Amino acid sequence: MARIEYWLQIENQNWDAAPNGIHRMTGEMLTRDANGFFRALPAPALLVRRYMANWASPDDQPLNAWDLTEPPPSQTHGTIPGATLEAKVGDEIIVHFRNMDMRAGVPDRERVHSFYAQGLQRAPMYDGTFPFSPPDPRQGNKQGDRVEPGESFDYTFTAPHLANAGAWLYYDASIASAASIQLGALGALIVRQGGESRSQIASQNLRAGGDTPTHFSNVPPPPTAVEHVLIWHTLAGVGDCLNGRQLLGNTPTLLARLNGRVKFRLLNLATHAQVFHLHGHRWKRGANEWTDTEWLAPGATATFEILEGTVEFGGSNGDWQIETVGAPALSASYVVTDGGALNLAVGSDGGQV
């Protein structure tokens, strides 16, 4: 059993839900506002940002190592959803959580936060859910469901059983939980079984200087096994988002390669159901059933794996639509490639977003 420590900080950052300024569906080029954003949140967001030990410096990492349209997290000062936490069955997970929500003009009770994680074992004092969490005598009787600005709290979790394996949501469950989640205070926790591994990181940048959201001069070949995490959620003043973004060309453009194993982890923290449909592919559900669509209730997650470009699972080289049925602004792209130059199609109907 390993002991894994994460140093997380909830902090205020501005956020752009369409950072690449394009809508591939219509061909529209978006207009920047006075602050240089294309689709900005009307108020500062709440990012759950990863740090080095003792919050010495940011340790920003992308949500998906093989997403062509995800902005570098060092430029956005973190990610929405927040840092993805990873562990294996049998691990102990310590989350050092610090609240640095310093928004001016916001009531004090709305700047109190917590860390709540689904799927893991914990004592009640580490549940982080207002008003249920009792004081922790080992931390000066502080309560993990009400971490004040400038304060911190350490949460202890375990994953002792195969039942803990999978993709789980975490989020703020303090008194201002609903408002905080709609400002970005959420993320994913991945617990792997033995033999499961994370995606290999590219040895070079996915995008070169001069590349655009639709034209890439030299994409490195994706690994033979890759994992993609997609989270549906709502941002205040913007609406439903997929990994913090809207509009094709900004939403994820996920890479895979022919005959590679691709694992999708889907999580829904929106307040209504989402329907995920991957064009041209299918996957096994249960013992003898196959599907090409996942229905995600609010708070639900799903994990499936495909062997790309086979008779059973479908696919081939090309650009495939990831469709959130009934929500075109949340369409995304799944590109099967062996690497090299990529040119992605753009619509030209002149429609407005």
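The values are calculated or read from the model by the stated rules, or taken from the named source; none is laboratory data. Nothing here was measured: the structure is a model prediction, and the numbers come from that model. For neighbour counting, all protein chains shown are included, and Cβ atoms are generated from backbone atoms with ideal geometry for every residue, glycine included.
Identify, please: which residue in the stretch 248-262 is among the small types (Gly, Ala, Ser) and under 20 Å from the mean Cα position of the chain (by Cα) and is, among those, surrounded by the fewest Cβ atoms within 10 Å (Cβ to Cβ)? Steps first, please.
Within the stretch 248-262, the subset among the small types (Gly, Ala, Ser) is 249, 256, 260.
The next check asks that each one be under 20 Å from the mean Cα position of the chain (by Cα); those that pass are 249, 256.
Working: Gly249: 28, Ala256: 25.
Among those residues, the one meeting the criterion is Ala256.
Restricting attention to the stretch 95-107, which residues are surrounded by fewer than 16 Cβ atoms within 10 Å (Cβ to Cβ) and in contact (Cβ under 8 Å) with a residue 60 or more places away in the chain?
Step one: of the stretch 95-107, the residues surrounded by fewer than 16 Cβ atoms within 10 Å (Cβ to Cβ) are 102-105, 107.
Met102, Arg103, listed by residue number.
Output the number of the condition that Ala236 fails; it satisfies all remaining conditions of (1) surrounded by 18 or more Cβ atoms within 10 Å (Cβ to Cβ); (2) over 23 Å from Ile306 (Cα atoms); (3) among the hydrophobic types (A, V, I, L, M, F, W, C).
All conditions pass for Ala236, except number (1).
Could you tell me which of the residues Asn268, Asn243 is buried (at least 23 other Cβ atoms within 10 Å of the Cβ) and free of Cβ contacts under 8 Å to residues at least 40 places away in the same chain?
Values: Asn243 fails: free of Cβ contacts under 8 Å to residues at least 40 places away in the same chain.
Residue meeting the stated conditions: Asn268.
Test each condition in (1) loosely packed, with under 14 Cβ neighbours inside 10 Å; (2) modelled with pLDDT of 95 or more; (3) over 18 Å from Leu189 (Cα atoms) for Pro298 and report the one that comes out false.
In the conditions (1) loosely packed, with under 14 Cβ neighbours inside 10 Å; (2) modelled with pLDDT of 95 or more; (3) over 18 Å from Leu189 (Cα atoms), Pro298 misses (3) alone.
Taking the residues in the stretch 313-327 that are over 15 Å from Arg24 (Cα atoms) and without any contact (Cβ under 8 Å) to a residue 60 or more places away in the chain as candidates, determine which candidate is surrounded by the fewest Cβ atoms within 10 Å (Cβ to Cβ).
From the stretch 313-327, those over 15 Å from Arg24 (Cα atoms) are 313-318, 324-326; that's our starting set.
If we keep only those that are without any contact (Cβ under 8 Å) to a residue 60 or more places away in the chain too, we end up with 313-318, 325-326.
Numbers: Phe313: 20, Gly314: 19, Gly315: 23, Ser316: 12, Asn317: 14, Gly318: 12, Val325: 14, Gly326: 9.
Among those residues, the one meeting the criterion is Gly326.
Within the stretch 271-284, track down each residue that is surrounded by 13 or more Cβ atoms within 10 Å (Cβ to Cβ) and in a loop (DSSP other than H, G, I, E, B). Explain how you work it out, then say what you get.
Of all residues in the stretch 271-284, those surrounded by 13 or more Cβ atoms within 10 Å (Cβ to Cβ) come to 271, 273-284.
The answer is Thr271, Ala273, His279, Gly280, Arg282.
Would you pick out the residues in the stretch 134-157 that are out of contact with any Ser or Thr (no Cβ under 9 Å at 6 or more places or on another chain) and among the hydrophobic types (A, V, I, L, M, F, W, C)?
Result: Phe157, single match.
Looking only at the stretch 208-267, filter to residues that are of a type in the set (Lys, Arg) and part of a strand (DSSP E or B); which one of those is farthest from Pro72 (Cα to Cα)?
Checked the stretch 208-267; the qualifying residue farthest from Pro72 (Cα to Cα) is Arg261.
Of all residues in the stretch 188-221, which are touching a residue at least 40 places away in the same chain (Cβ under 8 Å) and either touching a Ser or Thr at 6+ places or on another chain (Cβ under 7 Å) or closer than 16 Å to Ile80 by Cα (or both)?
Selection gives Ala188, Leu189, Ile190, Pro213, Val219, Pro220.
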